[in-house]
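S.K.: If you scroll down you'll find the structure; I have some questions about it.
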Amino acid sequence: MDSLPREPVDGEAVRLRTPRESDAALVAAACADPLTQRFVPSMPDPYTRDDALWWITEASESMWAGGGASFAITDLGADEIIGSVAINRVIGARHQGEVGYWVAPWARGRRVASAATTTISEWAFQHGFARMELLAEHENVASQRVALAAGYRREGVRRAAGIGRDGGRHDLVAWVRLWDDPPGPVPRALPDVAGGQLTDGVVILRPLRTDDVDDLYALTNLPEVVNSTVPPVPPDPAEIALRCARAPSRWLAGERIDLTIRDAATGRFTGEIGLYYQEPTTGQAMIGYSMAPKWRGRGFATRAVRLVADWAFGHTDIARLIAGTAPSNVASQRVLEHVGFQREGLLRGRLPSAAGPRVDDLLYGLVAPGS
């Protein structure tokens, strides 16, 4: 595979050009930003003008020498640097490279990263690349949104592929675009909730986030909740913290959505509900939920299940929802029946139990209107 040409590259909204020494002051200001430092742990801290000059004169040159490329990002028709995008870790025999970027804090929120990633990817394909990768931490949701917008598809998780500033290792989510993938953003199986929440005026369903750790930990450690969990083992605080931190990434992946159930009048946490898209090929997903004891019997769970079902049938390709309860859990069965779920059968010995023999699962199903 031939070396990439050093040339300006124009996209629909950005221009990519070679970085210059005159960019050093702005590069230093951008790369000293805490968010940039958080997700690009290889950057020096503190980041100085000398570090910027080293990046311009040496690090960028090494990328070109290795068969990749390193560009400054500018607005189309302008010259001031607002970020950087590069191709590195080139495997020539596979015609493969990895895209990396950063965007200055003063240029964020304008889809600069998406435009630059799209532009450099299409340019690379024009010059012989067949496969481009973009790796991001689970917690770097913004970067994963960039990948989707630039036509990259989630391929899996690279375990312990990343190295943090402290030397510890962490997982990276792999997003990939091939030379013959269709242009444009990748459609999402589970889109965002309009307005950031679902509500009927009595309950609010808000996406799970990191400040929900304490509430979720208390709920998921209740004995009756543990008994209905698979496996039926009480989670520890670290496990719940990881679940909250990675919930947005799993939503973007189309695997599941996790929501807290809140009292609309006070905003207080009352429970949690999840939708698990375990069979995209058949259009089937599963709903699960738990309520804090003092909020049970008030109809909140019924309202939450109805909101999630209406959203799933109205905004996704999900055509069928299922839910399971213990045969003795009459309260949960009533919730499902109030929403319109019908009892479909008993799955004998389906679930492990905390102690003793396996337990039965009473299966309920709800079909989308018109299906």
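S.K.: Can you name the number of the only condition in (1) among the hydrophobic types (A, V, I, L, M, F, W, C); (2) in a strand (DSSP E or B); (3) farther than 15 Å from residue 116 by Cβ; (4) touching a Ser or Thr at 6+ places or on another chain (Cβ under 9 Å) that residue 90 fails?
M.R.: Result: residue 90 passes all but (4).
S.K.: Can you tell me which residues in segment 338-371 are touching a helix residue (DSSP H, G or I) at 6+ places or on another chain (Cβ under 9 Å), among the hydrophobic types (A, V, I, L, M, F, W, C) and either exposed (fewer than 11 other Cβ atoms within 10 Å of the Cβ) or at pLDDT below 95 (or both)?
M.R.: Passing the criteria: 354, 359.
S.K.: Turning to a different aspect of this structure: How many of the residues in segment 128-142 are surrounded by 15 or more Cβ atoms within 10 Å (Cβ to Cβ) and assigned to a loop (DSSP other than H, G, I, E, B)?
M.R.: 5
S.K.: In addition: From the list 114, 84, exactly one residue is in contact with a Pro (Cβ under 9 Å, 6 or more places away or on another chain), surrounded by fewer than 24 Cβ atoms within 10 Å (Cβ to Cβ) and either in contact (Cβ under 8 Å) with a residue 40 or more places away in the chain or closer than 23 Å to residue 183 by Cα (or both). Which is it?
M.R.: Numbers: 84 fails: surrounded by fewer than 24 Cβ atoms within 10 Å (Cβ to Cβ).
Result of the check over 114, 84: 114.
S.K.: Here is a further query. Would you confirm whether any residue within segment 186-202 is more than 30 Å from residue 319 (Cβ to Cβ) and at pLDDT 95 or above? Don't jump to the end; show me each part of the working.
M.R.: Residues of segment 186-202 that are more than 30 Å from residue 319 (Cβ to Cβ), as a first pass: none.
No, because not a single residue in segment 186-202 is more than 30 Å from residue 319 (Cβ to Cβ) and at pLDDT 95 or above.
S.K.: Further question: I'm trying to understand the selection: among the residues of segment 26-78, which are hydroxyl-bearing (Ser, Thr, Tyr) and either surrounded by 16 or more Cβ atoms within 10 Å (Cβ to Cβ) or not assigned by TED's automatic domain parsing to the domain that holds residue 131 (or both)?
M.R.: Within segment 26-78, the subset hydroxyl-bearing (Ser, Thr, Tyr) is 36, 42, 47-48, 57, 60, 62, 70, 74.
Correct list: 36, 47, 60, 70, 74.
S.K.: In this structure, does residue 99 turn out to be at pLDDT 95 or above and buried (at least 19 other Cβ atoms within 10 Å of the Cβ)?
M.R.: Yes.
S.K.: Name the residue that is surrounded by the most Cβ atoms within 10 Å (Cβ to Cβ), counting only residues in segment 270-303 that are in contact with a Leu (Cβ under 8 Å, 6 or more places away or on another chain) and farther than 18 Å from residue 229 by Cβ.
M.R.: 285
S.K.: Restricting to segment 166-225, give me the number of residues that are touching a Cys at 6+ places or on another chain (Cβ under 9 Å) and either in a loop (DSSP other than H, G, I, E, B) or closer than 30 Å to residue 99 by Cβ (or both). Break it down stepwise before answering.
M.R.: Initial filter on segment 166-225 (touching a Cys at 6+ places or on another chain (Cβ under 9 Å)): 208-213, 216.
Within this subset, residues satisfying the condition of being either in a loop (DSSP other than H, G, I, E, B) or closer than 30 Å to residue 99 by Cβ (or both) are 208-210.
Looking only at that region, the number is 3.
S.K.: Moving to a separate point now. So which residues in segment 211-236 are surrounded by fewer than 12 Cβ atoms within 10 Å (Cβ to Cβ) and either more than 18 Å from residue 350 (Cα to Cα) or within 21 Å of the chain's Cα centre (by Cα) (or both), if there are any at all?
M.R.: 211, 223, 236 - these are the residues of segment 211-236 that are surrounded by fewer than 12 Cβ atoms within 10 Å (Cβ to Cβ) and either more than 18 Å from residue 350 (Cα to Cα) or within 21 Å of the chain's Cα centre (by Cα) (or both).
S.K.: Looking at segment 100-116 only, could you name the residues that are out of contact with any helix residue (DSSP H, G or I) (no Cβ under 6 Å at 6 or more places or on another chain) and part of a strand (DSSP E or B)?
M.R.: The one that is out of contact with any helix residue (DSSP H, G or I) (no Cβ under 6 Å at 6 or more places or on another chain) and part of a strand (DSSP E or B): 100.
S.K.: Taking the options 177, 206, 154, 145, name whichever one is within 27 Å of residue 292 (Cβ to Cβ), crowded, with 17+ Cβ neighbours inside 10 Å and of a type outside the set (Val, Ile, Thr). Please lay out each step first, then the result.
M.R.: Numbers: 177 fails: within 27 Å of residue 292 (Cβ to Cβ); 154 fails: within 27 Å of residue 292 (Cβ to Cβ); 145 fails: within 27 Å of residue 292 (Cβ to Cβ).
After applying the criteria, what remains is 206.
The values are calculated or read from the model by the stated rules, or taken from the named source; none is laboratory data. Owing to the predicted nature of the structure, the values given are computational and were not obtained by experimental measurement. For neighbour counting, all protein chains shown are included, and Cβ atoms are generated from backbone atoms with ideal geometry for every residue, glycine included.
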